[in-house]
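Student: Take a look at the following structure, please.
Computed from the coordinates by the stated procedures, all read-outs in this text should not be read as laboratory data. These figures come from a predicted structure and were not determined experimentally. As a convention, Cβ positions derive from the backbone with ideal geometry for all residues, glycine included, and neighbour counts pool all protein chains shown.
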Amino acid sequence: MSTPDTPDVPAAAPQGTARRDAEATKAAILKAARHLLARHPHGAITLKAVAERAGVSPPLVLKYFGNKDALFARVMSFDTDADDLLDAPLDALGRHMVRHVLASQRERGTDPLLRIVFAPLHGDHGDILRANFRAQVTERLAARLTGPDAGLRAELAVAAVVGLGVMYGIARGPGLRAADADAVADRYGPLVQAQLTPGA
């Protein structure tokens, strides 16, 4: 009990109340924005709606992303996703891409590349999303390839892994979801690799 001579001591924070990890918060905000953008026009989405879906306050969205335009520019970028997808030597890239898509689905419940599947068919934001996907994923992959028809082969390789993601995450194919990831990579990886290797 405090007296006039003894100042109040603040109560200790409740046990187990840890500060939210900044990276987890950013990821939750991006996931919420992606979810909403797949279902609503950009102009109809508010920062408050993004914050509510992410389970954070609107000022926290502003703290990490600055404003709505900056947030959605990040949502419509595939740069970071492509870094992970293409992070392997060319001669092992097909298997890596397959493993990456499966790991994204199994560990995070989503594959960021599948945002292209939900791109709006019309309007500026659909155009931006598609242009980013081409520049940041397929054209970046094509630049690594040697031999003829590099652009076509890159698009076919990416189509194969996006299709894999659709079957796993959207169609929820029971055989694929029950299969061992390495077994799928052993079987499906060579199909992707055949597009990456000239004359394969």
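Student: In debye, nearest 20: dipole of region 33-158 around its Cα centre with unit charges on the Cβ of K, R (+) and D, E (-)?
Tutor: 400
Student: Taking only the alpha-carbon atoms of region 53-200, what semi-axes of the equivalent ellipsoid follow from 5 times the gyration tensor eigenvalues under a square root, in whole Å, largest first?
Tutor: For region 53-200, the semi-axes come out at 28, 20, 13 Å.
Student: Starting from the Cα gyration tensor of region 26-65, multiply each eigenvalue by 5, take the square root, and state the resulting semi-axes largest first in whole Å.
Tutor: 16, 10, 8
Student: Given labels modelled 7 Å from the Cα in the Cβ direction, how far is it in nm from ALA70 to ASP186?
Tutor: 4.9
Student: Let me ask another. Along the Cα-to-C-beta direction of ARG172, a point sits 7 Å from the Cα; which residues of region 78-106 have their amide N less than 15 Å from that point?
Tutor: Answer for this model: 106.
Student: Express in nm, to one decimal, how much length is gained between LEU152 and ALA27 on full extension, taking 0.36 nm for each residue of separation and deducting their alpha carbon distance.
Tutor: 41.7 nm
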